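The values are calculated or read from the model by the stated rules, or taken from the named source; none is laboratory data. The shown structure was predicted, so the numbers you read here are calculated from the model rather than taken from an experiment. Heads up, the Cβs are rebuilt from the backbone with ideal geometry, glycines too, and the neighbour counts pull from every protein chain shown. Surface areas here come from the heavy atoms of the whole protein model, side chains and all, with no ligands, DNA or RNA. Shrake-Rupley method; radii C 1.70, N 1.55, O 1.52, S 1.80 Å.
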Amino acid sequence: MTACPTGIAHTYMAAEKLTRAAESLGHAIKVETQGSIGVENALSDNDVKDADFVIIAADKEVDRGRFAGKRVLAVGVAEGIHHPERLIERVQSAPVYEGGGPAAAESGGGRERSVAYKALMNGVSYMIPFVVVGGLLIAISLALGGHPQADGGLVIPDGSFWKHVNDIGVIGFTLMVPILSGYIAYAIGDRPALVPGMIGGWIANTGALYDSKAGAGFIGAIVTGFLAGFLVRWIKKVKVPRFVQPIMPIIVIPIVATTGLGLFFIYVIGRPISWVFTHLTGWLGGMTGSSAILLGAVLGLMIAFDMGGPVNKTAFLFGAGLIASGNQTVMGMCAAAIPVMPLGQGLATLVRKRLYTEQERETGMAALFMGLFGISEGAIPFAAARPAQVIPANMLGGAVAGAVAGMAGVSDAVPHGGPIVAVLGAVGGVPVFFVAVVAGTVATALATVALVDVSERRKGRRGAVSAAGVVAADRPESEPATVGAGAVAAVAAGGAASGASTGSRTATEDGSPAAAGAGPRTATEADDEEDGKGGAPDVLSGYLTAQTVRTQLTADDKEAAIRELAGLAAGTGKVADAAELVRVALAREAQGTTGLGEEIAIPHAKTDAVTAPVVAFARSADGIEWGALDGTLARLVFLIAVPEAAAGDEHLRILALLSRKLMDTDFRARLQGAEDEAAVLRVLGEIR
């Protein structure tokens with residue numbers, strides 16, 4: 001299996017490399033591709049039964065239960081690309097997987113992610129949609145359905161349409177913590193761990209169960225997720241009579257683990273949380289006479305630490321409680337710090353896009369919106385994924401915002417934060433309030449970028465989260481599959497939560513891969529294929545024709561090359577606005593390079609500046625700097641342009657076909673050596 005939290009090109013490249021390596025070594029292989037949209041070319045029971053070996057190259061957890069009794073080798077996804085022959089050699093002496101959970105067959109290899117990392121990423125990927133949906137629905141309902149009050153507050157009338165929208169958003173927020181915990185547990189202990197993980201997460205987030213005014217929040221959920229997962233794995237090792245074994249995973253393990261974990265959290269972990277909450281409140285009460293700057297910094301640190309957990313809630317309730325006594329400045333400090341985390345993390349994804357996946361950048365945009373409405377939970381996905389880097393950066397920004405607000409005596413008349421309360425008139429000292437928010441946001445963003453960058457460099461994998469351009473920004477979860485009977489079974493899985501789709505590839509009767517899902521072609525497209533091709537083979541469903549091929553680029557830099565390729569595409573009549581096509585393609589490049597390495601670049605654009613899918617290709621004799629991770633200059637450059645309406649399937653299908661075929665060294669050599677456009681088309685016609 002190859003799997004990564006996000007990915008497209010690397011997934012296809014790994015599948016192709018493994019397929020070619022297996023065939024060259026005389027093995028039959030079948031590759032199943034997985035993703036959030038489902039499974040393509042699924043391995044049947046017979047495929048698995050007939051397989052001698054299973055290769056898993058994964059950076060996230062995948063279900064291995066069906067491979068019990070097979071020799072299974074587990075490594076990182078990059079190994080499938082760089083060392084496929086070595087993997088096929090190693091898997092033949094790999095240990096037999098006995099079952100018992102997805103993490104039970106770790107086979108080393110040095111490059112595979114740790115169980116803890118993969119479990120955490122699994123939980124975060126499932127949690128993100130709940131954060132985004134819940135936060136945005138709450139923000140939208142407040143913006144469109146809230147009514148300003150005389151004291152500056154914002155209230156949504158009970159029973160109104162927007163109140164129901166708000167309630168739905170609250171449900172999403174309520175579920176996000178149990179989801180995080182549950183899927184961390186699932187990644188460690190498989191399905192029996194899902195229930196104790198989710199219930200444990202709910203308990204962790206419900207402070208009333210252990211006499212605390214604030215739940216443990218997402219940090220508590222991470223704790224319960226790992227506890228549930230490892231508890232279930234331990235229970236699975238207990239020897240039980242044969243007649244009990246069938247009910248172990250569906251009755252015994254979930255009940256025992258859920259009860260044990262729940263009571264442990266309530267009686268053992270929960271009490272210290274309650275104690276911390278109580279004593280923090282008393283400690284803050286003793287600080288009210290001290291320096292306002294110091295108090296603001298401390299409150300900002302606390303607000304930013306756990307975003308809804310006991311430390312955050314202590315600071316928030318402390319500030320809110322003083323409003324009634326006439327002291328509104330403490331809440332002003334809190335209000336300035338509350339939006340800093342989501343705003344700062346969202347800004348960080350814009351400042352250094354290459355450090356983030358497409359999913360993270362989309363979450364960053366949602367976080368920016370949530371920050372405007374004082375929803376600090378918008379930063380939780382970032383903090384959960386990179387706690388060592390994000391939490392300190394959040395705390396720095398929160399402290400800066402709180403200190404600036406405290407120094408200027410900013411006040412807030414309502415128990416809420418963010419720019420929304422200033423816009424609605426609840427804040428005293430509005431200009432300085434915004435200065436505090438901006439200062440904290442910038443501090444958070446810069447600190448996050450610096451810490452993440454240092455971390456990536458230290459691990460020797462800087463930029464891997466946006467690897468090869470397409471990997472970062474367009475990764476769907478599923479890939480085309482290869483064919484073969486099944487001496488070696490491999491599963492290629494993409495990102496956990498990107499939600500895009502590729503077209504499927506199936507096998508023809510003679511065993512050759514065939515492209516499907518291209519959709520009907522118009523008469524114009526058919527004419528384009530015939531005009532000037534001299535009987536050249538159909539290339540990429542007719543999207544690439546003699547009109548869109550050039551044997552030699554005149555451009556010597558990336559932008560000029562994209563403009564030149566856009567000009568070729570415009571010659572087909574399928575480009576309504578060439579300038580807009582160039583703009584969108586360059587904007588995509590700004591998110592992360594589309595240089596795949598191996599002297600290949602595939603810039604692409606999803607825009608209604610084109611009326612139908614079109615692909616252009618050109619070669620560069622000297623090569624063009626494209627920012628590829630392997631440092632090679634781009635000599636083979638493809639431009640893919642599809643309308644927005646087709647973006648969900650077509651550009652990803654085309655990208656998948658190209659990515660796989662271009663991994664063939666001989667194919668690239670023949671493409672480089674083709675003498676003219678007709679020869680180029682004949683070589684490219686092999687892409688199916």
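Let's test the formula: R0 of 45 Å, r as the Cβ-Cβ distance of Ile140 and Glu675. What FRET efficiency results, to the nearest 0.05? Once rounded, the FRET efficiency stands at 0.15. For the set Lys17/Lys118; Lys49/Lys70; Lys17/Lys70, the pairs lying more than 18 angstrom apart at their alpha carbons are Lys17/Lys118; Lys17/Lys70.
Would you mind getting me the FRET efficiency between Thr554 and Glu644? Use the beta-carbon distance for r and R0 = 30 Å, nearest 0.05. Approximately 0.50, to the nearest 0.05.
The H on the amide N of Val75, modeled in the peptide plane, is under 5 Å from the matching H of Ile56, Ala57, Ala58, each at least 5 residues off or on a different chain. Peptides 223-230, 373-380, 236-243 ranked from most to least packed give 373-380, 223-230, 236-243, packing being the mean of other C-beta atoms within 10 angstrom over each peptide's residues.
Residues in segment 407-416 carry Karplus couplings, in order, of 4, 8, x, 5, 10, 9, 8, 10, x, 7 Hz; the curve used is 6.51 cos²θ - 1.76 cosθ + 1.60 with θ = phi - 60°, and Gly or Pro positions show x. Normalised by the number of residues in segment 576-647, the mean separation of alpha-carbon contacts (under 8 Å, six or more apart) gives a relative contact order of 38 percent.
Fraction of C-alpha pairs exceeding 20 angstrom in segment 157-237: 40 percent, rounded to a whole number.
Model label sites at Ala579 and Arg271, defined 7 Å from Cα along the beta-carbon direction, differ in position by 7.2 nm. Take 662-673, 607-618 and order them by the average number of nearby Cβ atoms within 10 Å per residue, most first; the result is 607-618, 662-673.
Solvent-accessible surface of segment 300-379, averaged per residue with a 1.4 angstrom probe and all protein chains in place: 27 square angstrom.
Within the same chain, lysines fewer than 8 places from Lys606 are excluded, and of the rest, those with a Cα less than 18 Å from its Cα are Lys574.
The packing ranking, built from the mean of other Cβ atoms within 10 Å per residue, places the peptides 580-587, 277-284, 634-641, 314-321 in the order 634-641, 314-321, 580-587, 277-284, highest first.
Given 0.36 nm per residue, what is the gain on full extension from Ile168 to Val240 after removing their alpha carbon distance, in nm? Working shown, then result.
Values: separation 72, 0.36 × 72 = 25.92 nm, distance 4.40 nm.
My answer for the length gained is 21.5 nm.
Rolling a 1.4 angstrom probe over the protein heavy atoms with all chains in place gives segment 551-688 an accessible area of 34 Å² per residue. Here's how it looks for Val155: its modeled amide H is under 5 Å from those of His147, Gln149, which are all 5 or more places away or on a different chain.
Charge tally around Gly417: other residues with Cβ under 14 Å, Lys/Arg +1 each, Asp/Glu -1 each, net -1. How high is the relative contact order of segment 545-688? Use alpha-carbon pairs under 8 Å, at least six apart in sequence, and give a whole percent. Computed value for segment 545-688: 25 percent relative contact order.
Pop the C-beta distance of Ser24 and Ile251 into the FRET formula with R0 = 41 Å and round what comes out to the nearest 0.05. Please report the intermediate quantities before stating the final value.
Values: r = 49 Å, r/R0 = 1.19.
About 0.25, to the nearest 0.05.
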